[in-house]
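Written below as structure tokens is the structure these notes are about.
The values are calculated or read from the model by the stated rules, or taken from the named source; none is laboratory data. Note that the coordinates shown come from a computational prediction; the quantities given were computed from them, not determined experimentally. Neighbour counts run over all protein chains shown; Cβ positions are idealised from the backbone, glycine included. The accessibility values were calculated without ligands, DNA or RNA, using every heavy atom of the protein model including side chains. Shrake-Rupley method; radii C 1.70, N 1.55, O 1.52, S 1.80 Å.
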Amino acid sequence: ISSTVPVAVTPIDEADDLGLDGSGIAEGGTGEAARFEALSAQGPELIVVTLGEQGALAYRRGRWFRQAAFPVAVVDTIGAGDAFAAGLSEGLLRERPIEECLCRAAACGALTACRLGAFDAFPTAEALDAFLAAPHAAGHL
């Protein structure tokens, strides 16, 4: 994936706005392939639906990617979705594999949810790397 890939990112509760069935996505998503393909034909090469504490589901060129959420003590969810999108964007710009992009994005969202506030709660690159190096992150990528 290059830095010019069109991407659609939406929380599950807004998936219907993109023509996707939110309930079908939450149940595993694969029954939604035709809708994801139709949306993809309109431009986005990568479609990501965030599922809150259930993680995220992504679709690219007929392939599904599932990312588990990191279990954290949630303080405030404000900004967690924005942090997820920022982490995903950073990974895509650095041309990381999609699986790694999703893992880093989920970690950004989790770390942000652990703190009060929005943008001030976003993790630094160092905090993100330390979080991902910890034993609890094993198996998330």
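A few points about this structure:
- Scope segment 42-57; condition under 16 Å from residue 100 (Cα atoms), open to solvent by 20 Å² or more (accessible area, probe 1.4 Å) and of a type outside the set (Val, Ile, Thr); matching residues: none
- Residue tally, condition of a type outside the set (A, V, I, L, M, F, W, C), without any contact (Cβ under 8 Å) to a residue 12 or more places away in the chain and assigned to a helix (DSSP H, G or I), over segment 90-125: 1
- Sole residue being open to solvent by 50 Å² or more (accessible area, probe 1.4 Å) and either more than 16 Å from residue 12 (Cα to Cα) or aromatic (Phe, Trp, Tyr) (or both), chosen from 127, 137, 133: 133
- Residue count for segment 94-124, restricted to those that are surrounded by 12 or more Cβ atoms within 10 Å (Cβ to Cβ), out of contact with any Phe, Trp or Tyr (no Cβ under 9 Å at 6 or more places or on another chain) and of a type in the set (Asp, Glu): 1
- Within segment 66-79, the set of residues being buried (at least 18 other Cβ atoms within 10 Å of the Cβ) and under 10 Å from the mean Cα position of the chain (by Cα) comprises 67, 69.
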